[in-house]
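A.B. asks: Could you have a look at this structure, given as structure tokens, before my questions?
The values are calculated or read from the model by the stated rules, or taken from the named source; none is laboratory data. Computed from a predicted model, the values in this text were never measured in an experiment. Backbone-built Cβ (ideal geometry, glycine too); neighbour counts: all protein chains shown. The protein model used for the area step is the full one, side chains on, heavy atoms only, and it has no ligands, DNA or RNA in it. Shrake-Rupley method; radii C 1.70, N 1.55, O 1.52, S 1.80 Å.
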Amino acid sequence: MQKNRKIKRFEWKDITEVMQIEREAFEKDRWDEIEFMKWHEMFPNGFLVAEDHNNKIIGYIICDREGYIHSIAVKRTEQRKGIGKALIEEETNIINTDEFYLHVRASNKNAIRFYEKLGFQKTQIFSGIYADGEDALHMKLQIRK
Ligand SMILES: CC(C)(COP(=O)(O)OP(=O)(O)OC[C@H]1O[C@@H](n2cnc3c(N)ncnc32)[C@H](O)[C@@H]1OP(=O)(O)O)[C@@H](O)C(=O)NCCC(=O)NCCS
């Protein structure tokens, strides 16, 4: 990630920009504002955003205190610039666990490649757990601190 970008904790004033990223990133499983509010109230330390040099939000991540990554998305025009990687690395710095987990739609090949590149390994397949019947891959990252 370039030096003129920064990662900070989400603040409620960021919600409009986060929602724009959400709408662009996800066709299915898209969260509404209530869902973001819920996660923010539950564990504000784990809800991070990446900003560009104009203080525009270009990505977000939500992780809980057990190291479960519930969502991550980067603005389409800013993808493949190291922002997603930087968001996950920041979570590994601030959350006190040596294991991180997530689940991802089996068809989301780009995200699966991204997670694998960061060292996540496929651990399990959950058959048909999405509302439309699609399978989820469960993936795990072991951190050596
Ligand atoms: C998945 C996502 C968060 C990755 O964010 P990103 O900022 O583009 O990722 P990075 O630039 O940090 O990528 C790091 C590495 O992961 C791999 N990678 C990332 N995106 C990839 C893609 N589309 N295809 C193949 N490899 C990819 C690459 O090896 C990349 O390094 P490189 O660009 O030097 O080759 C982003 O593509 C996104 O928002 N997707 C839509 C939302 C989504 O699917 N979220 C996950 C839901 S489970």
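A.B. asks: Would you check the accessible area of THR77, probe 1.4 Å, heavy atoms only, in square angstrom rounded to 10?
C.D. replies: Per-residue accessible area (THR77): approximately 90 Å².
A.B. asks: From the Cα gyration tensor of region 84-145, with a ≥ b ≥ c the square roots of its eigenvalues, which class applies: rounded if a/c is under 1.5, or else prolate if a/b is larger than b/c, or else oblate? If you can, show how the numbers build up before the last one.
C.D. replies: Values: a/c = 2.36, a/b = 1.93, b/c = 1.22.
Judged from the Cα gyration tensor, region 84-145 comes out prolate (a/c at least 1.5, a/b above b/c).
A.B. asks: Of the candidates PHE26, PHE47, PHE36, which one comes out as most mobile in a Gaussian network treatment of the chain with C-alpha springs shorter than 10 Å?
C.D. replies: PHE26
A.B. asks: Size of the dipole of the chain about the Cα centre, Lys and Arg at +1 and Asp and Glu at -1 on the beta carbon, nothing else charged, in debye to 20? Before the final figure, lay out the partial values.
C.D. replies: Values: 25 positive and 25 negative charges, 155 e Å.
Value, rounded to 20: 740 debye.
A.B. asks: Check PHE47: other-chain or 5+ apart residues with amide H under 5 Å from its amide H, H built from backbone geometry?
C.D. replies: Amide H neighbours of PHE47, under 5 Å, 5+ apart: PHE10, CYS63.
A.B. asks: Suppose we take every Cα in the chain and form the convex hull; what volume per residue is that in Å³? All intermediate terms of the calculation are to be shown ahead of the outcome.
C.D. replies: Details: hull volume 15.8 nm³, N = 145.
Taking the convex hull of the Cα positions in the chain, it is 109 Å³ per residue.
A.B. asks: Quick check: at a probe of 1.4 Å, how many percent of the accessible area of region 73-115 sits on carbon and sulfur atoms?
C.D. replies: On the way: 1010 of 2440 Å².
Within region 73-115, the accessible surface is 41 percent carbon and sulfur.
A.B. asks: Further question: Any idea of the accessible area per residue across region 1-141, 1.4 Å probe, to the nearest Å²?
C.D. replies: Accessible surface, normalised per residue, equals 58 Å².
A.B. asks: Under a 10 Å cutoff between Cα atoms, tell me which one of LYS38, LYS13, LYS56 has the largest fluctuation in the Gaussian network model of the chain.
C.D. replies: The residue with the greatest mean-square fluctuation here is LYS13.
A.B. asks: Just to confirm a number: summing +1 for Lys and Arg and -1 for Asp and Glu over residues other than VAL104 whose beta-carbon lies under 14 angstrom from that of VAL104, what do you get? It would help to have the intermediate numbers written out before the result.
C.D. replies: Numbers: positive: LYS28, ARG105, LYS109, ARG113, LYS117, LYS122, LYS140; negative: ASP29, GLU116, GLU134, ASP135.
Surrounding charge for VAL104 is +3.
A.B. asks: Order MET19, MET42 by their accessible area, 1.4 angstrom probe, all chains in place, largest first. Each step should come with its number before you reach the end.
C.D. replies: Working: MET19 20, MET42 100 Å².
Final ranking, largest accessible area leading: MET42, MET19.
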